Every structure is written in C-alpha cells, then in structure tokens.
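Worksheet for the structure shown next.
The values are calculated or read from the model by the stated rules, or taken from the named source; none is laboratory data. Keep in mind it's a predicted model, so treat the numbers as computed, not measured. Every residue, glycine among them, receives a Cβ derived from its backbone with ideal geometry; neighbour counts consider all protein chains shown.
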Amino acid sequence: MEAVRLDLGGGADPVEDHLNIDLRVTESVDIVASADNLPFKDGTVKRIHANSLVPHLPDLNRAIEEWSRALEPGGELELAATHAHSTGIVADPDHSLWSWTSQTPEWYDADSKWNYFHNTELELIDVSVVGWLRPYRWWLRPFSYLYGKLIHISKHDIADELMKFPFAGGRVRARWRKHK
C-alpha cells in the first residue's frame, strides 16, 4: 500500500502528491472532512502538511492530537502559521487566537516541559521564521528582500523582535516527527 500524504486545507492550491482535505467542495479537493477529525485509522498517514490552516481551527490542541494519532511512527507533520507580530494580524479575527512566535511549536514537542495540556508523540525537528516587509510602493521591494534575508539569518528570539518592525509580515514554519 502506498504511503498516505495529506494536505489539510489545501483548497484550490494543494501540495503535489498529497490528498487534499478541505471543508469546501472544489474540483481539487479529494476528501471533504474536518482537519481535526480525519477519516483515517491510527498510524496510517506518512505526512501531514497544513499551510495557514492553524488560525482557522477552533481547537488547535485537539487538532494536533488528532494529527499525532493519524501519523504512522516516524511520520512527519509540517505546519506554517502567521507570525504573532505580522502587520495586520490583529485586524483578522481568525488569526487573533492562534498566531505564533518562534517558541510556539515547542509547546507541541512530546519532550517539552510545556507538554501538559495535550497528548501527542511528536518530536520537534525544525522551526524557522520567514519574514518580509509589506511594501506599498514598488521602490520598497528591495528592502523587503533584504529584510527577509535578515530574518532568515537571525536567531529565533531576534527574528521575533524584528517581526515587530512596522510593515513587517511573516510566518512560523515547524516540522515534527512522530516517535517510533
């Protein structure tokens, strides 16, 4: 049997070679289902990818427990969420509850001291902060590129502080692997 790979909330732009699971019925959606109630048996999914889905979930802790349940031992979970200090984040009610800093993914590491409110077998592998400036004029675009490079080479705590810069936008990307 071929390994099952899921793109949760992929909508009209799913990840290649992944089953696209979404609440909306569109031509590119393979399975209509809720991301926090997957129609898969325990330990049968090799990879789960979710880009910008986190702020739309009513209970992120429950969703991450569900994803941990569905992942096979050694399976990988990759999430990307809006950075907590992104310009405009407070204007979007969906994003006000589950925006992240670089430290947020640590809360979902099974070995973390913060792992007291959920039940997962996930080991945090990698966290990165991606940033940009939201230029309103074409001549600011080169500064946005340089700002993104600065965020990329900065340590996480410094990147979090740089994200407070006016007109800054960005996201936090994290990958976990389920314990074998």
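Check off (1) at pLDDT below 95; (2) touching a Lys or Arg at 6+ places or on another chain (Cβ under 7 Å); (3) more than 20 Å from Ser102 (Cβ to Cβ); (4) among the small types (Gly, Ala, Ser) for Ser34 and give me the number that stays unchecked.
(2)
Test Phe167 against the criterion of being surrounded by 15 or more Cβ atoms within 10 Å (Cβ to Cβ), aromatic (Phe, Trp, Tyr) and more than 29 Å from Thr44 (Cβ to Cβ), and give yes or no. Step through it out loud before you land on a result.
Numbers: surrounded by 15 or more Cβ atoms within 10 Å (Cβ to Cβ): yes; aromatic (Phe, Trp, Tyr): yes; more than 29 Å from Thr44 (Cβ to Cβ): yes.
Judged against the criteria, Phe167 is a match.
With the requirement that a residue be basic (Lys, Arg) and either exposed (fewer than 11 other Cβ atoms within 10 Å of the Cβ) or in contact with a Gly (Cβ under 7 Å, 6 or more places away or on another chain) (or both), what does the range 121-148 give you? Lay out the reasoning, then the answer.
Of the residues in the range 121-148, the ones basic (Lys, Arg) are 134, 137, 141.
Arg134, Arg137 - these are the residues of the range 121-148 that are basic (Lys, Arg) and either exposed (fewer than 11 other Cβ atoms within 10 Å of the Cβ) or in contact with a Gly (Cβ under 7 Å, 6 or more places away or on another chain) (or both).
Give the number of residues within the range 56-80 that are out of contact with any strand residue (DSSP E or B) (no Cβ under 6 Å at 6 or more places or on another chain), without any contact (Cβ under 8 Å) to a residue 60 or more places away in the chain and not in a loop (DSSP other than H, G, I, E, B).
Going through the range 56-80 one residue at a time, the tally reaches 9.
Would you confirm whether any residue within the range 132-142 is touching a Lys or Arg at 6+ places or on another chain (Cβ under 8 Å) and either polar (S, T, N, Q) or in a helix (DSSP H, G or I) (or both)?
Our first condition is that a residue be touching a Lys or Arg at 6+ places or on another chain (Cβ under 8 Å); within the range 132-142, this holds for 135.
Of the ones still in play, those that are also either polar (S, T, N, Q) or in a helix (DSSP H, G or I) (or both) are none.
So far as the range 132-142 goes, no, none of its residues is touching a Lys or Arg at 6+ places or on another chain (Cβ under 8 Å) and either polar (S, T, N, Q) or in a helix (DSSP H, G or I) (or both).
Could you please find all residues in the range 157-174 being assigned to a strand (DSSP E or B), closer than 19 Å to Glu106 by Cβ and in contact with a helix residue (DSSP H, G or I) (Cβ under 8 Å, 6 or more places away or on another chain)? Walk me through it before giving the result.
Of the range 157-174, the ones assigned to a strand (DSSP E or B) are 168-174.
If we keep only those that are closer than 19 Å to Glu106 by Cβ too, we end up with 170-174.
Those that are assigned to a strand (DSSP E or B), closer than 19 Å to Glu106 by Cβ and in contact with a helix residue (DSSP H, G or I) (Cβ under 8 Å, 6 or more places away or on another chain): Gly170, Val172, Ala174.
Among the residues of the range 57-74, are any under 18 Å from Val129 (Cβ atoms), modelled with pLDDT under 90 and out of contact with any Pro (no Cβ under 7 Å at 6 or more places or on another chain)?
Step one: of the range 57-74, the residues under 18 Å from Val129 (Cβ atoms) are none.
So far as the range 57-74 goes, no, none of its residues is under 18 Å from Val129 (Cβ atoms), modelled with pLDDT under 90 and out of contact with any Pro (no Cβ under 7 Å at 6 or more places or on another chain).
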